[in-house]
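Presented below is the structure to which this report refers.
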Amino acid sequence: MPPARLRAYLTARDTHHRLTAQPAWARGPAPAQAAGLLVDLDREYQEIEGFGGAFTEAAAVTLHRAPAALQEEILRACFDPVHGLGYTLCRTHMNSCDFSTGNYAHADHPGDLALERFTIERDRRDLIPMIRAAQRVAGRPIRLFASPWSPPAWMKTNGEMNHGGSLRPECREAWAGCYPRFIEAYQREGIPIWGLTVQNEPAAIQRWDSCLYSAEEERDFVRDHLGPALHRAGRQDVKLMVWDHNRDLLYHRVKPIYDDPACARYVWGAGFHWYGGDFFDNVQRVHDAWPDKKLVFTEGCVEGGPHLGDWAVGERYGASLVADLNRWTVGWVDWNLLLDELGGPNHVGNLCGAPIHYDTGAQRIHYQSSYWYIGHFSRFIRPGARRLGLGNPRDDLEATAFRNTDGSVVVVAMNRTDRPIRLEVAAGDAGAAGTLAAHAIVSLVWDG
């Protein structure tokens, strides 16, 4: 039985409710009829690593254009565990990405196979100060993983960081050596690296920083170069993730890697994105085939500009979070933590939306619907929580349930329809009931 005290928090379109406490929700014994959600307290599934967003150069540059008081507000909005979203799992880029102000690499001197001139000096301008400030606000460790968008231009077949290309065979060992060098350099800055992905979107030729790997090439690079390089450097505890691209080919891409024991021993799990379609069942299929490997949603955003005020953006986030979590995902990481009023800066004009936009001219912060929807998960489902069994008899209601390490039970339910829904929840001998407004999401928390 969960503890008796119930808290409820609501976000709803066409209202002022934004993660707002709801005293009107009734608690009491479990409903007599099996018409609502049934939380199975006896069934536990995956353990959560955390929720968060990405530290990019674009986010850091935008943050540092704001006055000190607004910088603090933005950081607290993301990382404060009580009044903000309480982010604990975040991403950053190794070398530049499209949300940098230009191409750059940490090993940028052609022919430097020994990496004697490796440096993270560029990151010390804006990116590292932002991460340090977030650590201070969070007041606890942030699990940070790093992803490369491209090796240095001189290591690639096309001689540039943009427009795809591949890693030159003679540079594989040097490129593999960049990963532990990056980890060590960040460690010296007081920033531990929890995890790595091998390559961001390895199946895409982009007009920005990109590099192609087939599944077999990624397997061979990890098995013969990257995995051994991390182990030689004493970094075998760093969580190495493969794929880091869309759900559609998730199963196809991990199979050659996971079916090779010599490679699979280096790999903790797989990352995936949401672009190009939902394909949620592929996440479940990968877990079913390789239940010892972890699954992390490593990137998602709405492309084509900032989409200020668009409620459907938040609902897309909520639906993805519920569906991914219910299919064994252990972490869910949004893309840029912060962007400017145009959805940038981006060095190739690939403008996108973010949960928080800062208008650099008006000096105003815009909190998007996605910000509030993410908060219904990140604020209440904490690292170490385990997903619980959940019976849901309604096709107009999306929901998931977790138990935190302190014993509190959390149910998140969302209604994307145009009509209110009467919501009843049974969790052991306890229950809750209330009306979930149209286009709304609620977090119900039983605690002591």
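The values are calculated or read from the model by the stated rules, or taken from the named source; none is laboratory data. This one's a predicted model, so the numbers in the text were calculated from it and none came from an experiment. In this analysis, Cβ positions are derived from the backbone assuming ideal geometry, glycine residues included, and neighbour counts consider all displayed protein chains.
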- Message: Being part of a loop (DSSP other than H, G, I, E, B) and in contact with a helix residue (DSSP H, G or I) (Cβ under 9 Å, 6 or more places away or on another chain) is true for just one of 180, 141. Which residue is that?
- Response: 141
- Task: Could you list, in sequence order, all residues of the range 398-419 that are in contact with a strand residue (DSSP E or B) (Cβ under 6 Å, 6 or more places away or on another chain) and in a loop (DSSP other than H, G, I, E, B)?
- Result: 408
- Sort through 187, 206 and tell me the only one that's part of a loop (DSSP other than H, G, I, E, B) and surrounded by fewer than 20 Cβ atoms within 10 Å (Cβ to Cβ). 206
- Item | Condition check for residue 394: crowded, with 20+ Cβ neighbours inside 10 Å, touching a residue at least 12 places away in the same chain (Cβ under 8 Å), of a type outside the set (A, V, I, L, M, F, W, C) and farther than 16 Å from residue 376 by Cβ | no
- Query: Exactly one of (1) without any contact (Cβ under 8 Å) to a residue 24 or more places away in the chain; (2) touching a Pro at 6+ places or on another chain (Cβ under 7 Å) is unmet by residue 417. Its number?
  - Reply: (2)
- Message: Which numbered condition in (1) in a strand (DSSP E or B); (2) farther than 25 Å from residue 272 by Cβ; (3) outside the structural domain of residue 280 (by TED's automatic domain parsing) is the only one that residue 438 fails?
- Response: (1)
- Can you spot a residue in the range 227-240 that is in contact with a His (Cβ under 7 Å, 6 or more places away or on another chain), surrounded by 20 or more Cβ atoms within 10 Å (Cβ to Cβ), assigned by TED's automatic domain parsing to the domain that holds residue 358 and not hydroxyl-bearing (Ser, Thr, Tyr)? no
- Message: Looking at the range 128-140, can you tell me whether even one residue there is on the phi > 0 side of the Ramachandran plot, more than 23 Å from the chain's Cα centre (by Cα) and in the same structural domain as residue 196 (by TED's automatic domain parsing)?
- Response: no
- Item | Criterion violated by residue 312 - all others in (1) among the hydrophobic types (A, V, I, L, M, F, W, C); (2) closer than 24 Å to residue 213 by Cα; (3) free of Cβ contacts under 8 Å to residues at least 60 places away in the same chain satisfied | (2)
- Item | Residue list for the range 348-375, filter: more than 16 Å from residue 55 (Cα to Cα), in contact with a Phe, Trp or Tyr (Cβ under 9 Å, 6 or more places away or on another chain) and surrounded by fewer than 23 Cβ atoms within 10 Å (Cβ to Cβ) | 348, 350, 364, 365, 366
- Of all residues in the range 245-292, how many are more than 15 Å from residue 324 (Cα to Cα), assigned to a loop (DSSP other than H, G, I, E, B), in contact with a strand residue (DSSP E or B) (Cβ under 7 Å, 6 or more places away or on another chain) and free of Cβ contacts under 8 Å to residues at least 60 places away in the same chain? 3
- Qualifying position, being in contact with a Cys (Cβ under 7 Å, 6 or more places away or on another chain), on the phi < 0 side of the Ramachandran plot and not basic (Lys, Arg), among 281, 224, 209: 209
